[in-house]
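Worksheet: the structure to be examined is printed underneath.
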Amino acid sequence: MELQTLVFNTTTKVAKLYAGEMEKSYVLATFDDVPTVKVADQFYEIWQNDSFDKRYPVLRVPIVNTNMFIKQ
């Protein structure tokens, strides 16, 4: 299982998921308008707002192989 890194910026409301080692990492996905990242049953769950301010989950990543950093 490859290590992943999830970076959530609470100021800009952007979440980025990186794959690989830090020196050789690359962006797998970027999500804008992210109000929160929830911890749900061994997963980090990324939620996103739509144009009507309705929230919905867009991605789940397993906690076991994902480091998460929260920026302000």
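Annotation note: Cβ proximity below 9 Å between a residue of segment 17-42 that is surrounded by fewer than 14 Cβ atoms within 10 Å (Cβ to Cβ) and a residue that is modelled with pLDDT of 95 or more and among the basic types (Lys, Arg) (sequence gap 6+ or interchain) occurs for Val27/Lys16; Thr30/Lys16; Asp32/Lys13; Pro35/Lys13; Ala40/Arg60.
Total residues in segment 7-27 satisfying the condition of being closer than 14 Å to Arg60 by Cβ and modelled with pLDDT under 95: the figure is 0. When segment 11-32 is filtered for residues that are over 11 Å from the mean Cα position of the chain (by Cα) and in a loop (DSSP other than H, G, I, E, B), the ones remaining, listed by number, are Thr11, Thr12, Gly20, Glu21, Ser25.
Yes or no, residue by residue, for (1) within 25 Å of Glu2 (Cα to Cα); (2) hydrophobic (A, V, I, L, M, F, W, C):
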residue	(1), (2)
Val34	yes, yes
Ala40	yes, yes
Trp47	yes, yes
Phe52	no, yes
Tyr56	no, no
Arg60	yes, no
Ile63	yes, yes
Asn67	yes, no
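Figure legend. Inter-residue proximity from segment 53-72: first residues surrounded by 10 or more Cβ atoms within 10 Å (Cβ to Cβ) and outside any loop (DSSP other than H, G, I, E, B), second residues at pLDDT below 95 and among the small types (Gly, Ala, Ser), beta-carbon distance below 9 Å, spacing 6+ or different chains. Indicated pairs: Pro57/Ala40; Arg60/Ala40.
The values are calculated or read from the model by the stated rules, or taken from the named source; none is laboratory data. Note that the structure is a prediction, hence the values are computed from the model and not measured. Methodologically, a virtual Cβ is constructed for each residue, glycine included, from the backbone with ideal geometry; neighbour enumeration extends over all protein chains shown.
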